[in-house]
Amino acid sequence: MKKYRGFIIPLALAVVLAGAPASRGAKLFDKAAPLKVAHWVKDGPVTLTPGHVYVVEFWATWCPPCRESIPHLTELAKKYQGRITFIGISDEALDIVKSFVEKMGDKMDYHVAVDDKQATTKGYMAAYGIDTIPHAFIVDKNGNVAWQGNPLEGLEPVLEQVLAGKLDKETAVKKEKMNELAMQYLRLAMGGEQQKAQADPLGRQLLELGNADPMLLSNFAWTIVKAPALKYRDRDLSVEAAKKAFDLTKGQDPLITGIYAGVLHEMGRDSEAIPLQKKAIALATDARMKSYLQNVLAEMEKTTGRADTPTTGSKQVGGAVK
């Protein structure tokens, strides 16, 4: 799984679970809740045992981003076979999950279970105030939750650190705080311009913590300008976040450079965006990423000639620039 998937599926495109709480009672490095399962659909049963690493992921058959994460988790399950156990938890009816898993076959090649009256969901998702899927939790060898987030965004590097016993807890806590702030901001932004007073301070806090996770900051910037559900769009914040991520990586990450170019393009600043996109292409070493970035460049060049949009006061609400 190539990390540029985060460009295609940004933060806000995870599916929001209706009615799930946005408050939280658990924090990173707390003890992981036990797995309370009504039915093991594929492999299992699994009991969380000290000395082993687990990935507990929450998903649903009706969730498009979840379907994107399934091959990624299958790939990781094969790579880390014997060292990390992957478990997908759904709270849907057994027959629905069973039929889906059977159709997926080897494409969904890890443990799959149906939750027991949302007991496991409450122990993880509700405890951490998460209301979007897919969402994964890493349980380390001490039985603690060492990471939580979208499985398509940053899971594998943390797994390597956890296995090696080299996870920087201070940075991990900052990254989690960034994710929490991003989701709080985006929930507010879905409510429109009237949420500006509450949303703006969260965006500033996120920028201040941005050093901990440039990729999350970059995805946040892209989400602001592209997620259809947002009714309040602070494009100035988007540009600032994308530029900070670019600066933090010294302009050497092709994905982050491409996202920065994309944000500038959305602002109509093509005289800056196109050279940056060309730089992203030059930096890309993966053939699929390079091809993707070249396609984006071609789309940008089709729409060149628009007047640059001023960054000051360029707020967008419901798709119209004010």
Note to self: If I ask for residues that are in a helix (DSSP H, G or I) and more than 17 Å from Lys42 (Cβ to Cβ), which ones from the range 73-83 would you list?
What the structure shows: Lys79
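From the set of residues in the range 152-172 that are in a helix (DSSP H, G or I) and of a type in the set (A, V, I, L, M, F, W, C), which is surrounded by the fewest Cβ atoms within 10 Å (Cβ to Cβ)? Steps first, answer last, please.
At the first step, the residues of the range 152-172 found to be in a helix (DSSP H, G or I) are 155-164, 169-172.
Still in the running and of a type in the set (A, V, I, L, M, F, W, C): 155, 158-159, 162-164, 172.
Working: Leu155: 21, Val158: 20, Leu159: 22, Val162: 20, Leu163: 15, Ala164: 8, Ala172: 21.
That would be Ala164.
Out of the range 231-281, which residues are aromatic (Phe, Trp, Tyr) and under 23 Å from Ala212 (Cβ atoms)? Spell out how you get there, then give the answer.
Pass one, the range 231-281, residues aromatic (Phe, Trp, Tyr): 232, 246, 260.
The answer is Phe246, Tyr260.
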Margin query: Step by step: first the residues of the range 255-292, then only those that are touching a residue at least 40 places away in the same chain (Cβ under 8 Å) and over 15 Å from Ser238 (Cα atoms), then the one that is nearest to the chain's Cα centre (by Cα). Which residue is that?
Written below: Leu255
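Tell me, yes or no, whether the range 208-218 has at least one residue that is without any contact (Cβ under 8 Å) to a residue 24 or more places away in the chain, part of a helix (DSSP H, G or I) and not assigned by TED's automatic domain parsing to the domain that holds Asn150. Steps first, please.
To start, the set of residues in the range 208-218 that are without any contact (Cβ under 8 Å) to a residue 24 or more places away in the chain comprises 208.
Remaining after also requiring part of a helix (DSSP H, G or I): 208.
The next check asks that each one be not assigned by TED's automatic domain parsing to the domain that holds Asn150; those that pass are 208.
Yes: one or more hits.
Within the bounds of the range 110-119, is there any residue that is among the hydrophobic types (A, V, I, L, M, F, W, C), under 28 Å from Met215 (Cα atoms) and at pLDDT 90 or above?
The first filter runs over the range 110-119 and keeps only residues among the hydrophobic types (A, V, I, L, M, F, W, C), leaving 112-114, 119.
Filter once more, keeping what is under 28 Å from Met215 (Cα atoms): none.
Within the range 110-119, not a single residue is among the hydrophobic types (A, V, I, L, M, F, W, C), under 28 Å from Met215 (Cα atoms) and at pLDDT 90 or above.
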Margin query: Among the numbered criteria (1) surrounded by 16 or more Cβ atoms within 10 Å (Cβ to Cβ); (2) touching a Gly at 6+ places or on another chain (Cβ under 8 Å); (3) under 27 Å from Ala126 (Cβ atoms); (4) not charged (D, E, K, R), which one does Gly192 miss?
Written below: (1)
Notebook entry, point to check: What are the residues in the range 81-118 that are closer than 17 Å to His135 by Cβ, in contact (Cβ under 8 Å) with a residue 60 or more places away in the chain and not hydrophobic (A, V, I, L, M, F, W, C), if any?
Noted result: Tyr110, His111, Asp115
Check: Going by the structure shown, is Tyr128 under 29 Å from Lys177 (Cα atoms), part of a helix (DSSP H, G or I) and not hydrophobic (A, V, I, L, M, F, W, C)?
Finding: no
Item checked: Residue under evaluation Ser238, criteria (1) at pLDDT 90 or above; (2) surrounded by fewer than 23 Cβ atoms within 10 Å (Cβ to Cβ); (3) within 18 Å of the chain's Cα centre (by Cα), criterion not met -> (2)
Next item on the list: Answer yes or no as to whether Val225 is out of contact with any Leu (no Cβ under 9 Å at 6 or more places or on another chain), surrounded by fewer than 24 Cβ atoms within 10 Å (Cβ to Cβ) and touching a residue at least 40 places away in the same chain (Cβ under 8 Å).
Entry: yes
Margin query: Between Val114, Val56, which is within 28 Å of Lys166 (Cα to Cα), of a type in the set (Val, Ile, Thr) and out of contact with any Lys or Arg (no Cβ under 7 Å at 6 or more places or on another chain)?
Written below: Val56
Checklist line | Single unsatisfied condition, Ala77 versus (1) in contact with a Gly (Cβ under 9 Å, 6 or more places away or on another chain); (2) surrounded by fewer than 20 Cβ atoms within 10 Å (Cβ to Cβ) | finding: (1)
Notebook entry, point to check: Are any of the residues in the range 116-134 over 15 Å from Gly44 (Cα atoms), among the acidic types (Asp, Glu) and more than 21 Å from the chain's Cα centre (by Cα)?
Noted result: no
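Restricting to the range 30-61, and then to whatever is assigned to a loop (DSSP other than H, G, I, E, B) and small (Gly, Ala, Ser), can you tell me which residue is modelled with the lowest pLDDT? Show your work before the answer.
Going through the range 30-61, the residues assigned to a loop (DSSP other than H, G, I, E, B) turn out to be 30, 32-36, 43-52, 59-61.
From what is left, the residues that are small (Gly, Ala, Ser) are 32-33, 44, 51, 60.
Numbers: Ala32: 96, Ala33: 96, Gly44: 85, Gly51: 95, Ala60: 95.
Selected residue: Gly44.
Take the residues in the range 241-285 that are β-branched (Val, Ile, Thr) and buried (at least 23 other Cβ atoms within 10 Å of the Cβ), then tell me which one is farthest from Ala182 (Cα to Cα).
Just the residues of the range 241-285 that are β-branched (Val, Ile, Thr), to begin with: 249, 256-257, 259, 263, 274, 281, 285.
Remaining after also requiring buried (at least 23 other Cβ atoms within 10 Å of the Cβ): 256-257, 259, 263.
Values: Ile256: 17, Thr257: 20, Ile259: 17, Val263: 17 Å.
Only one residue fits best here, namely Thr257.
Go through the range 131-151 and count every residue that is assigned to a strand (DSSP E or B) and either in contact (Cβ under 8 Å) with a residue 60 or more places away in the chain or under 11 Å from Val53 (Cα atoms) (or both). Outline the logic, then answer.
Let us first name the residues in the range 131-151 that are assigned to a strand (DSSP E or B), namely 132-133, 135-139, 144-149.
Then keep just the ones that are either in contact (Cβ under 8 Å) with a residue 60 or more places away in the chain or under 11 Å from Val53 (Cα atoms) (or both); that gives 132-133, 135-139, 144-148.
Residues flagged as assigned to a strand (DSSP E or B) and either in contact (Cβ under 8 Å) with a residue 60 or more places away in the chain or under 11 Å from Val53 (Cα atoms) (or both) within the range 131-151 amount to 12.
The values are calculated or read from the model by the stated rules, or taken from the named source; none is laboratory data. Since the structure is predicted, the reported quantities are computational estimates derived from the model, not experimental observations. Here the Cβ is made from the backbone with ideal geometry for all residues, glycine too, and neighbour counts use every protein chain on show.
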